[in-house]
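The values are calculated or read from the model by the stated rules, or taken from the named source; none is laboratory data. Small disclaimer: the values here were computed from a predicted structure and weren't measured. For neighbour counting, all protein chains shown are included, and Cβ atoms are generated from backbone atoms with ideal geometry for every residue, glycine included. To get the accessible areas, we keep the full protein, side chains included, count just its heavy atoms, and leave off ligands, DNA and RNA. Shrake-Rupley method; radii C 1.70, N 1.55, O 1.52, S 1.80 Å.
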Amino acid sequence: MAGRVVLFGATGYTGRLTAEAMLERGLRPVLAARSRGKLDEMARELGGELETAVADVSDPPSVNALVERGDVLVTTVGPFARWGAPAAAAAATSGAHYIDSTGEPSFIREVFERYGPAAANGKIGMLTAFGYDWVPGNLAGALALRSAGDDAVRVDIGYFLTGKGTMSGGTQASSVEALASPGFAFRDGRVRSERGARRVRSFRVGSKSKDGVSVGSSEHFALPKVAPQLREVNVYLGWFGPLARPMQMLSLGMSLPGAATAVKALGQRFVKGSTGGPDAEARGKAGSHVVAIAYDAGERELCEVHVTGVDGYTFTGRILAWGAEQAAEGGLHGTGALGPVEAFGLVALADGCRWAGLEEEGGSRAASGASEPNRATLG
């Protein structure tokens, strides 16, 4: 029997998109949030027949009460570095599968390193960062590595926006948390913390060369599980355009005493979390472009993959709904903290991403002959 799907944070911006996508897939999620009034209003708007539950991260027992063994807890309550722990702990202790929408490096690392072992012992799966951050790069990276074969020991991934779009309050808050958090990457066969300035490199996006700034993500934990020969995984966020290099210098300042704390404090003062985001018309004007390039030990480019499609918010709501359905129906492969490919398999994940609005563009491009890779720089 399929478990219940509980959507925590349902009344927020991403939560609403996720609930609508779940209904489209035939799911009947339990809507959970801290405001009874907002929950009742949302349930009426969505047809009036959905179960609701009140829970608040400031009251962890109320979050624990949301789920039991065999359920699927989907949470969009962020910023996760501040408010994510109660839901992750509730799933790990209750025996419920867990899926979240975070993009924050520090919380991703916490799920893999802290909650993952408990989840494995409890025989449940935990999928962190299962939204636009960072499913598309996992897909693109796995496609590139599959085409490149066992010679691929390094993969570089870049995330870029296309069209026009705006960020929700939750995305703004998460971005502040990410900037102020220590970076990490997969180097020499293990996840390592990165000190000093973040890396910057360029990718070819359409007819243009665009810069991205290095960031910690789930790819660093997930891709080496499905490609054990990997020695290096690099992920770059290309949302900042010409500000990429200045942000590199700003990241260098984060190593100064008190700098990270000050940035986080400013973020908590001026960015209030889930304050709404772009409407359907605005989302329709935005899009996504994710690039993955695999290299061999001689730094020769082996394969390049481009994954393109809808805006990040639309994709996040839809891929969360797809993942919840798969988990509820017993479609998770493995236990503990899982990456998207490990959890569902590459073929199924590609199908899910296609339904959510992103797919591979024109097939993988295998390199012919040696080529000079575009290495990350510190200058």
Can you pull out every residue in region 15-41 that is over 21 Å from A327 (Cβ atoms) and either open to solvent by 10 Å² or more (accessible area, probe 1.4 Å) or at pLDDT below 95 (or both)? R34, S35, R36, G37, K38, D40, E41
Assuming E299 fulfils every condition listed in (1) charged (D, E, K, R); (2) closer than 20 Å to G12 by Cβ; (3) touching a strand residue (DSSP E or B) at 6+ places or on another chain (Cβ under 9 Å) apart from one, which condition is it? (2)
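Here is a yes/no grid of residues against (1) open to solvent by less than 10 Å² (accessible area, probe 1.4 Å); (2) closer than 24 Å to F315 by Cα:
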position	(1), (2)
N64	no, no
V72	yes, yes
V77	no, yes
A81	no, yes
A89	no, no
S94	no, no
I99	yes, yes
P105	yes, yes
G116	yes, no
Filter region 190-222 down to residues that are hydrophobic (A, V, I, L, M, F, W, C) and either touching a Pro at 6+ places or on another chain (Cβ under 6 Å) or over 20 Å from T102 (Cβ atoms) (or both) and give me whichever is surrounded by the fewest Cβ atoms within 10 Å (Cβ to Cβ). V205
Could we say that K264 is surrounded by fewer than 21 Cβ atoms within 10 Å (Cβ to Cβ), at pLDDT 90 or above, out of contact with any strand residue (DSSP E or B) (no Cβ under 8 Å at 6 or more places or on another chain) and outside any strand (DSSP E or B) here? no
Looking at (1) touching a residue at least 12 places away in the same chain (Cβ under 8 Å); (2) over 21 Å from E325 (Cα atoms); (3) open to solvent by 60 Å² or more (accessible area, probe 1.4 Å), which is the only condition R44 fails? (1)
First in region 307-336 and under 16 Å from G3 (Cα atoms), second anywhere and open to solvent by 20 Å² or more (accessible area, probe 1.4 Å) and in a strand (DSSP E or B), Cβ under 7 Å, 6 or more apart: A327/H97; L332/H97
Of the residues that make up region 231-245, is at least one of a type in the set (G, A, S), over 23 Å from S202 (Cα atoms), exposed (fewer than 15 other Cβ atoms within 10 Å of the Cβ) and at pLDDT 55 or above? no
Members of region 212-231 that are closer than 19 Å to E299 by Cα, assigned to a loop (DSSP other than H, G, I, E, B) and small (G, A, S): A227
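Yes/no matrix, rows are residues, columns are (1) in contact with a strand residue (DSSP E or B) (Cβ under 9 Å, 6 or more places away or on another chain); (2) part of a loop (DSSP other than H, G, I, E, B); (3) modelled with pLDDT of 95 or more:
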| residue | (1), (2), (3) |
| --- | --- |
| R146 | yes, no, yes |
| G149 | yes, no, yes |
| T166 | yes, yes, no |
| A173 | no, no, no |
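Hey, among the residues in region 187-203 that are more than 13 Å from Y236 (Cα to Cα) and part of a strand (DSSP E or B), which one's nearest to the chain's Cα centre (by Cα)?
Of all residues in region 187-203, those more than 13 Å from Y236 (Cα to Cα) come to 187-197.
With part of a strand (DSSP E or B) added as a condition, the list becomes 187, 190-194.
Values: R187: 20, R190: 20, V191: 17, R192: 19, S193: 19, E194: 20 Å.
Here the residue is V191.
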Within region 338-349, count every residue that is open to solvent by 10 Å² or more (accessible area, probe 1.4 Å) and either without any contact (Cβ under 8 Å) to a residue 12 or more places away in the chain or touching a strand residue (DSSP E or B) at 6+ places or on another chain (Cβ under 8 Å) (or both). 1
Which members of region 280-322 meet the condition of being open to solvent by 20 Å² or more (accessible area, probe 1.4 Å) and polar (S, T, N, Q)? T308, T314
